[in-house]
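Each remark here refers to the structure printed beneath this line.
The values are calculated or read from the model by the stated rules, or taken from the named source; none is laboratory data. The shown structure was predicted, so the numbers you read here are calculated from the model rather than taken from an experiment. Glycine gets a Cβ as well: all are built from the backbone with ideal geometry, and neighbour counts include every protein chain shown.
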């Protein structure tokens, strides 16, 4: 995808400036020449607020720790997404947010280093027009389902978004021995392919990526995927492996009925706790 | 059951007004025409205080999270019960409480959406004159006992209220493929039937319902049912499935002796912690 | 054992008065007529401070919850011990403490109800001159070792006080079907017999009793017994039951070397955290 | 190794004075006569700050509890290291730090008792010129891997520093029945031998030692070793023992790429939380 270098006129109310700074840190092979992607303009302040809250909420729930990240597609452009600079989730503030194009180029990094795995987000936004928010986490409860042959499946109604089971992306299959990081376009593309049209995908020996049509939904799914994994692990131990999962039709009906009302009820609570010191 | 539309005279001290507003949100098939159930009057302020505290206590104990609810039968009428509007438990205040009739119709919703699963509570109050409080939770430790064939049984004296074992309600058996929610009278009635005369019933792939003759007892049972489940899971793993449970006679003697003094000692502590910010 | 009714002269600095009030609540069969045990006098303020702290420390470590209790032998008399009135551990203050004789009679209850299981403490003080502090807890991690045939054994050096393994008291063996509570002298005596000369004993389907020559040691043992149980459970699951425990000689050498210096280092930390609001 | 007794001239800005006091508490056999090791001078204030923070961070993560310790090699001398006096980790302040030589002799204890297991640190600094920080912990999740024959191996990328698997030091093999403490030079030397060139070693029935080229890296490794152990335990239970670990080449590539950037991102967060009351 070519970047555009239009000199868009932006009012002073732009959240992100258009100064031509490159993201420092990892420069990927996909960066062709001196690309200065243009900003899509100021993002919706409500989206910014939710994105910053998402980092904190997921850290408070121990879905994220010092590592991992959340992003949102820009409300003004399908070709832009927003995520923090490389920083522990709990420390993220609006000033840490950077706008990126789908090649992972920062619009205006201003010397701030981006996450090396922004390509997880970029390639999913490219592949999935329906996705508006992405979470990448190292949540411990999920690791066992990526390093054994046991599929992660919905044991309770709060995890209906899993559908049948969660696919597993093993970077070794396509790329052999690596440092395990999805740190370029090709790896991001391979992960997006494993994700397909689903709501989440495990990353063997690494973590998970979870997507959604909004920040609250991506966050809610991340929290309940963790809870489902812990619960399935206990159920399998208790039942000697013989567990009654949600029937795919049940899962579908729950999704059709609004998937826990988009986690509205919980989102309100989580946001209120995220703003406490 | 027909609702009554008596124009009762209420003093200003009524906790709930009698304005003729319907509960918004899910309108069930059991609502016949424009029903405006009459209020039973102001509920006992001590009951209101305990009910609000119950929501917070159960959230602090992680029995409830952003979902789940507690209700109390109205002290003035066997045909009325009180629960919050649709809201995360930790956020519930007295102003969020709504009075309902046993068909799940709100007396005075004032635009506040009720929980879609209020029928869990309504039908139990209808079936069980002895029950004065009901808790519906998604407590993770309990899910395995609803999705495997392993019965949840009392491993220690604090769970004597289980009796022999906890029955399991599987909505699929009576209603086939659903969105898993007990969101109407028929489903509530089926759940109440599974509960029978017992103190709790698991809901396969969903959670649990716990009942009691008072709010402190329903809350105490919910907390100790969770603890019992976690402990039984560990005991079964340790003992290869061979575990000594409470003998039914032991369980009965504990109940006869006052069932942990109605959790008085703990309730005092829990209430004091619930009121902290 | 006969109680004495000496009219001791006490200064105003007595921590406990000598008013002749009986403990309300459970009156045991061992109370012969109107017994007013004489007080041993004011207990050492440092001991009172440590005892109150012990209740809070054990609650903060989740060894105790709303139930369970701690006691200390009176520094002035081997025939007296001190514990709280019936109250959740976290709420205990110096004013809640009651002095008892070894028959479980309160010196001066002043209308405060005692714990019905004070006989656990009384009979151990009677049987064990070396014991100066007793903890009774329902700690969940310990229950599996009382309800399966798996012995609780020291997996790490912090649990050397276990010796070879922890004995199990099953009230059913001597008393048949009961409400599981050690609520009289005969039951207390049977439990003390199972404890023998050891540092702790499990109570099947109920909890544990832990003893020590001082409050810090009884508290330290209670905390590390819980940790050892959780760790042993994991080790057994991991190793398919094949675990290397502390050799009895190792355990003995650790005890001879001072058993973790009497938990001094940790006690200082625990006390400082117990005094925070 | 001989200690030096040079009378170095120190400015008033020395962090540690040169008063000739011996460490009280355990005096080891390796102390020859009245040795007063000379100080290497004032340590870098940034190092002191990080060392004090490390104690608190590891306690907040429950890697350390009331026991365990952290040290740093002195920035001015390879023959000196710094650790706290014998104190619970959460209570450590700069004034509690003591400088030691590699025989475990305190430069200036000023009546403060040292940790009896300082020899764990001393002998590792002696054997490993690359090591600049050492952590000794009793972290419960690690104990099972030292008391069963199951090797602790990297299940996810955050534990690449494990390499193939973590060696186990069993004090019984070389020293027979002991009190399990590495409380002298000979035992420290044996542990250092088991550690070899690795990043960590388990201590059977006791805990772990973790090393690193800096304080943040030793702390990061301690935290992620705990997380890896918990995760491996779950994965083994889930997968019936059949788990896909990091390939040694993957582990190496992650190390070569900077091992999670030296935990920088997380260290910033951890330090900020350690300074809160």
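Here's the yes/no breakdown for (1) within 26 Å of residue D:90 (Cα to Cα); (2) more than 18 Å from the chain's Cα centre (by Cα):
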position: C:182; (1), (2): no, no
position: C:220; (1), (2): yes, no
position: C:223; (1), (2): yes, no
position: C:240; (1), (2): no, yes
position: C:248; (1), (2): no, yes
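Exactly one condition in (1) modelled with pLDDT of 95 or more; (2) within 7 Å of another protein chain (Cβ to nearest Cβ) is false for residue A:210; which is it?
Against the list (1) modelled with pLDDT of 95 or more; (2) within 7 Å of another protein chain (Cβ to nearest Cβ), residue A:210 comes up short only on (2).
Between residues in the stretch A:217-236 that are more than 9 Å from every other protein chain (Cβ to nearest Cβ) and residues that are at pLDDT below 95 and part of a helix (DSSP H, G or I), which pairs lie under 6 Å by C-beta distance while being six or more apart or on different chains?
A:217/A:262
Count, please, the residues in the stretch B:129-157 that happen to be free of Cβ contacts under 8 Å to residues at least 24 places away in the same chain and either within 14 Å of the chain's Cα centre (by Cα) or closer than 14 Å to residue B:58 by Cα (or both). Please lay out each step first, then the result.
Going residue by residue through the stretch B:129-157, those that are free of Cβ contacts under 8 Å to residues at least 24 places away in the same chain are B:140, B:148-149, B:151.
Still in the list and also either within 14 Å of the chain's Cα centre (by Cα) or closer than 14 Å to residue B:58 by Cα (or both): B:140.
Residues that pass the stated criteria total 1.
Is there a residue in the stretch A:129-137 that is within 14 Å of chain D (Cβ to nearest Cβ) and closer than 24 Å to residue D:246 by Cβ?
yes
Among the listed residues C:260, C:228, identify the single one that is assigned to a helix (DSSP H, G or I), modelled with pLDDT of 95 or more and closer than 17 Å to residue D:66 by Cα. Reasoning before the result, please.
Values: C:260 fails: modelled with pLDDT of 95 or more.
From the options C:260, C:228, the qualifying one is C:228.
Of all residues in the stretch C:160-197, count the ones that are without any contact (Cβ under 8 Å) to a residue 24 or more places away in the chain and either within 11 Å of chain B (Cβ to nearest Cβ) or at positive phi (or both).
Qualifying residue count for the region: 5.
Looking only at residues in the stretch C:266-277 that are touching a helix residue (DSSP H, G or I) at 6+ places or on another chain (Cβ under 9 Å) and without any contact (Cβ under 8 Å) to a residue 40 or more places away in the chain, which one is nearest to the other protein chains (Cβ to nearest Cβ)?
Here the answer is C:269.
Among the residues of the stretch C:186-196, is any touching a helix residue (DSSP H, G or I) at 6+ places or on another chain (Cβ under 7 Å), surrounded by 19 or more Cβ atoms within 10 Å (Cβ to Cβ) and closer than 22 Å to residue C:245 by Cα?
Looking for residues that are touching a helix residue (DSSP H, G or I) at 6+ places or on another chain (Cβ under 7 Å), surrounded by 19 or more Cβ atoms within 10 Å (Cβ to Cβ) and closer than 22 Å to residue C:245 by Cα, one finds at least one in the stretch C:186-196, hence yes.
Go through the stretch B:144-159 and count every residue that is part of a helix (DSSP H, G or I) and facing another protein chain (nearest Cβ under 7 Å).
Total satisfying the criteria: 4.
Every residue, every condition in (1) assigned to a helix (DSSP H, G or I); (2) touching a helix residue (DSSP H, G or I) at 6+ places or on another chain (Cβ under 6 Å), yes or no:
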site	(1), (2)
C:208	no, yes
C:218	yes, no
C:221	yes, yes
C:235	yes, yes
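Can you tell me which residues in the stretch A:144-166 are crowded, with 18+ Cβ neighbours inside 10 Å and under 16 Å from residue A:211 (Cα atoms)?
The answer is A:158, A:159, A:160, A:161, A:162, A:163, A:166.
Would you check if there is a residue in the stretch D:247-254 being within 14 Å of chain A (Cβ to nearest Cβ), over 18 Å from residue D:68 (Cα atoms), at pLDDT below 95 and in contact with a helix residue (DSSP H, G or I) (Cβ under 8 Å, 6 or more places away or on another chain)? Steps first, answer last, please.
Within the stretch D:247-254, the first condition is being within 14 Å of chain A (Cβ to nearest Cβ), and the residues that meet it are D:247-254.
Restricting the remaining residues to those that are over 18 Å from residue D:68 (Cα atoms) gives D:247-254.
Restricting the remaining residues to those that are at pLDDT below 95 gives none.
The answer is no; no qualifying residue exists.
Among the residues of the stretch D:114-130, write down those that are crowded, with 22+ Cβ neighbours inside 10 Å and in a loop (DSSP other than H, G, I, E, B).
Residues satisfying the conditions are D:115, D:117.
Quick check on my filter: what residues within the stretch D:84-110 are within 14 Å of chain C (Cβ to nearest Cβ) and in contact with a helix residue (DSSP H, G or I) (Cβ under 7 Å, 6 or more places away or on another chain)?
D:84, D:85, D:86, D:87, D:88, D:89, D:90, D:91, D:92, D:93
Do the conditions hold for residue D:243, that is, is it more than 18 Å from residue A:205 (Cβ to Cβ) and either modelled with pLDDT of 95 or more or within 11 Å of chain A (Cβ to nearest Cβ) (or both)?
no
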